[in-house]
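Written out below as structure tokens is the structure these notes cover.
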Amino acid sequence: MESIKQIYRIGNGPSSSHTMGPLRAAKLFLEKNPSASRYEVTLYGSLAATGKGHMTDVAILSALNPVPTTIIWKPKVFLPFHPNGMLFEAFDGNGKKTDSWTIYSIGGGTLANEQYNEQKAKEVYPIHKIKDIQDWCENTGYSYWEFVEKHEGPEIWDYLAEVWKVMQEAVRRGLEAEGIIPGGLGLRRKASDYMIRARGYGSSIKNRGLIYAYALAVSEENACGGKIVTAPTCGSCGVMPAVLYHLKDTREFRDSRILRALATAGLFGNVVRTNASVSGAEVGCQGEVGVACAMAAAAASQLFGGTPAQIEYAAEMGLEHHLGLTCDPVCGLVQIPCIERNAFAAARALDANTFSNFSDGRHRVSFDQVVEVMKQTGHDLPSLYKETSQGGLAKKYHEKNE
């Protein structure tokens, strides 16, 4: 299992798989073919189906400009390796093809194909199941974040400090911004309104309202192409910051403890990424918002002094109760239902933490088992529910507005 840095990628939205991944792929292809006279990029499957709404073409063109580039869309063609396929081709001045490269954006901004897989680039952790890591924690007396430090080295704290800085900045920018989110749906930003209204209530409703506001703030920033942190994806980037920002503000946790919570959460997200997927195009939104909820629940439990068993239980509930969640964004935009979904998942993460901390951490279904079920459920879902915008809410909205 590789570094948790792959879970926390800093970049611009609206999608880690549909924006950040293709942008990185285009830059890599440009480095290999800097003297090409023109490029052709063919997008397949989910990338083609929702790429325009996710600004896939904008990302690719920004990397390859000013060289003339043609984007070809093939939404009904799914390559066998992964639904997010891309074919890059370079041509010389005589129109002769000089190079071609088929690559896939497999979630969280990660690239892979049959010969190349960033997800397996460097082994950092010798074990990749939470049960085994939990056993290590209970046998040694250490916690999950210390397991991360042991294998990542002390330099991981500088990286996580930057992650936390970007997360907080995204919350603050999102709370200040107002206006219409681009994309054509006419959605207005809601974060600032929710924050103002929340402050007018008593403590319980106020806290819930502020959680909503913080999650909306980051998700709206993402939808507008702002700078965010994948946790584990762009589409689910509002969950972790909302929980951590709220707990720091209300409980006055030191930044050092927040970073430890980020390490713990990253470990759980990394286990899912290694053993299943965090790609909405592969397993639906259960792999994005579901995993984000699990990560945030683990982080909250860590902050409140949960035992390794209680932390695992909180994460297990966060993912278990998102099983089967479809990814059917309206008009291919990371807006409906994605933005609201982040707010609800952030609140649910805190509920999972509370529930687990009332217990002794013992329960029947393990986190690793839920990861296995999530993977199988994702594979069983029809493609129209996996980021193609051809079914579910996306289809219903289209029918209503025809």
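The values are calculated or read from the model by the stated rules, or taken from the named source; none is laboratory data. Fair warning: this is a prediction, and the values are worked out from it, not measured in the lab. For neighbour counting, all protein chains shown are included, and Cβ atoms are generated from backbone atoms with ideal geometry for every residue, glycine included. Surface accessibility is based on the protein's heavy atoms, side chains included, excluding ligands, DNA and RNA. Shrake-Rupley method; radii C 1.70, N 1.55, O 1.52, S 1.80 Å.
Numbers for the structure displayed
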quantity	calculated
Residue in the stretch 360-379 that is assigned to a helix (DSSP H, G or I) and at positive phi present	no
First in the stretch 83-109 and under 12 Å from Pro22 (Cβ atoms), second anywhere and of a type in the set (A, V, I, L, M) and in a loop (DSSP other than H, G, I, E, B), Cβ under 6 Å, 6 or more apart	Gly85/Leu79
Complete set of residues in the stretch 316-329 that are of a type in the set (A, V, I, L, M, F, W, C) and in contact with a Cys (Cβ under 9 Å, 6 or more places away or on another chain)	Met317, Leu319, Leu325, Cys327
Residue count for the stretch 259-284, restricted to those that are touching a Lys or Arg at 6+ places or on another chain (Cβ under 6 Å) and either among the charged types (D, E, K, R) or open to solvent by less than 10 Å² (accessible area, probe 1.4 Å) (or both)	2
Members of the stretch 1-24 that are farther than 16 Å from Leu259 by Cα and surrounded by fewer than 24 Cβ atoms within 10 Å (Cβ to Cβ)	Met1, Glu2, Gly11, Asn12, Leu23, Arg24
Filter result (of a type in the set (Gly, Ala, Ser), farther than 23 Å from Ala394 by Cβ and assigned to a helix (DSSP H, G or I)) within the stretch 306-357	Ala309, Ala314, Ala315, Gly318, Ala346, Ala347, Ala349, Ala352, Ser356
Within the stretch 39-55, considering residues that are of a type in the set (Val, Ile, Thr) and within 17 Å of Ser100 (Cβ to Cβ), the one surrounded by the fewest Cβ atoms within 10 Å (Cβ to Cβ)	Thr42
Filtered residues of the stretch 236-255 (kept if out of contact with any helix residue (DSSP H, G or I) (no Cβ under 7 Å at 6 or more places or on another chain) and free of Cβ contacts under 8 Å to residues at least 40 places away in the same chain)	Asp249, Glu252, Arg254
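Condition check ((1) surrounded by 13 or more Cβ atoms within 10 Å (Cβ to Cβ); (2) over 30 Å from Val370 (Cβ atoms)) across all residues:
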site	(1), (2)
Pro66	no, yes
Lys74	yes, yes
Leu79	yes, no
Gly107	yes, no
Thr110	yes, no
Glu152	yes, no
